[in-house]
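Engineer: Got a structure here, written out as structure tokens. Questions coming.
The values are calculated or read from the model by the stated rules, or taken from the named source; none is laboratory data. Keep in mind it's a predicted model, so treat the numbers as computed, not measured. Cβ placement follows ideal geometry from the backbone for every residue including glycine, while neighbour counts extend to all protein chains displayed. Note: accessible area is taken over every heavy atom of the protein model, side chains too, but ligands, DNA and RNA are not part of it. Shrake-Rupley method; radii C 1.70, N 1.55, O 1.52, S 1.80 Å.
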Amino acid sequence: MTISPPTPSVPALDLLRWQFDLTWSLFEYHLERIESDDFLWEPAANCWTVHRSPDGTWTPDWADTEPDPVPVPTIAWLSWHMGWWWSVATDHAQGRTPRERSDITWPGPGTPTVEWLRALRKDWLTALAGLTTSDLAAPAPFPWPKDPQHTVAHMIAWVNAELMKNVAEIGQLRLQRAAARG
């Protein structure tokens, strides 16, 4: 029986960054192909989206308690949602006062949102680059405040999971809209 030598250990941040980069590369596939009209396409009657306010800004549908059934989100809503949780996670990672949900303004369909999401990625990578091994072991300030069992490394893994979920949802909606058009 042959026993393989142990695999060299990969520092946690390197592994988390690899997972993030893999997920982001899947997102770029959709970002490169997304059309402005994809963002506000409503795939169902029961839908969450964003609406133009009288002042010209975009306001997302929202409920403090999740409705039953859960509305199907549009790409616009999902991209706003990403901007919200990612901005707050980045604020926490960089030691800034986190923004409120109502402070996150969706930039609008098409290129403005694609550029915004790419800028959020850069901000997140800047935050990750400044972390040390001891930072990763510190209690997570978000999304589990004051829970010593969840560390900053857990927060980064949560961001990766949330990103992966939202990327899959956006990709599926983009593909469904393309298929519906024929």
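Engineer: Applying 1/(1 + (r/R0)^6) with R0 = 41 Å to the Cβ-Cβ distance of GLN176 and ARG17, what FRET efficiency is obtained, to the nearest 0.05?
Structural biologist: FRET efficiency, GLN176 to ARG17: 0.85.
Engineer: Report GLU42's accessible area, 1.4 Å probe, all protein chains in place, as a number in Å² to the nearest 10.
Structural biologist: Accessible area, nearest 10 Å²: 100 Å².
Engineer: To continue, here is another question. Give the relative contact order (percent, whole number) for the chain; include only Cα pairs under 8 Å separated by 6+ residues.
Structural biologist: On the way: 183 pairs, mean separation 46.2, N = 182.
With pairs under 8 Å counted, the relative contact order is 25 percent.
Engineer: Another question, if that's okay. Using θ = phi - 60° and the Karplus curve 6.51 cos²θ - 1.76 cosθ + 1.60, what whole-Hz ³J(HN,Hα) does each residue of segment 144-157 get, with Gly and Pro shown as x?
Structural biologist: Per residue, the Karplus-derived 3J(HN,Hα) values read 10, x, 6, 10, x, 7, 10, 9, 4, 4, 4, 4, 5, 5 Hz.
Engineer: Excluding ligands and nucleic acids, what accessible area in Å² is computed for SER36 using a 1.4 Å probe, to the nearest 10?
Structural biologist: Estimated to the nearest 10 Å², SER36 gives 60 Å².
Engineer: Of the heavy-atom accessible surface of segment 47-182 (probe 1.4 angstrom), what whole percent is carbon and sulfur?
Structural biologist: Answer for segment 47-182 is 55 percent, counting heavy atoms of protein chains only.
Engineer: Right, something else. Hey, can you find the accessible area per residue of the chain for me, probe 1.4 Å, expressed in square angstrom? Provide the component values of the computation, followed by the final result.
Structural biologist: Values: 10340 Å² over 182 residues.
Spelled out: the 1.4 Å probe surface of the chain, per residue, equals 57 Å².
Engineer: I've got another one for you. Accessible surface of ILE156 in the full protein assembly, 1.4 angstrom probe, to the nearest 10 Å²?
Structural biologist: My reading of the accessible area for ILE156 is about 0 Å².
Engineer: For mean projected area of the Cα convex hull in nm², one of [x] 17.7; [y] 10.1; [z] 14.9 was computed from the structure I shared and the rest are decoys. Which label?
Structural biologist: Only one listed value fits the structure, namely [z].
Engineer: A further question on this structure: Would you please give the residues with an amide H less than 5 Å from that of TRP58, counting only those at least 5 places away or on a separate chain, with H modeled from the backbone geometry?
Structural biologist: Hits under the 5 Å cutoff: SER53, TRP106.
Engineer: Still on this model: Which order do THR111, THR23 take when ranked by solvent-accessible area (1.4 Å probe, heavy atoms of all protein chains), largest first?
Structural biologist: Final ranking, largest accessible area leading: THR111, THR23.
Engineer: Also, I was wondering about something else. Please list, in chain and number order, the residues 5+ apart from TRP48 or on another chain whose amide H is under 5 Å from its amide H, with Hs placed from the backbone.
Structural biologist: Residues meeting the criterion, in which the H sits 1.01 Å from N, are VAL72, THR74.
Engineer: Taking the alpha-carbon centroid of each part, what is the distance from segment 158-175 to segment 46-109 in angstrom?
Structural biologist: A separation of 15 Å, based on Cα centres.
Engineer: With label points built 7 Å along Cα→Cβ from the Cα atoms of ASP64 and ASP135, find their separation and express it in nm.
Structural biologist: 3.5 nm
Engineer: Sort segment 82-124 into rounded, prolate or oblate with this rule: let a ≥ b ≥ c be the square roots of the eigenvalues of the Cα gyration tensor; rounded if a/c is under 1.5, and if a/c is not under 1.5, prolate when a/b is larger than b/c, oblate otherwise.
Structural biologist: On the way: a/c = 3.29, a/b = 1.55, b/c = 2.13.
Here segment 82-124 falls in the oblate category.
Engineer: Ok, one more. With +1 on each Lys and Arg Cβ and -1 on each Asp and Glu Cβ, how big is the dipole of segment 1-147 about its Cα centre, in debye rounded to the nearest 20?
Structural biologist: Here segment 1-147 has a charge dipole of around 460 debye.
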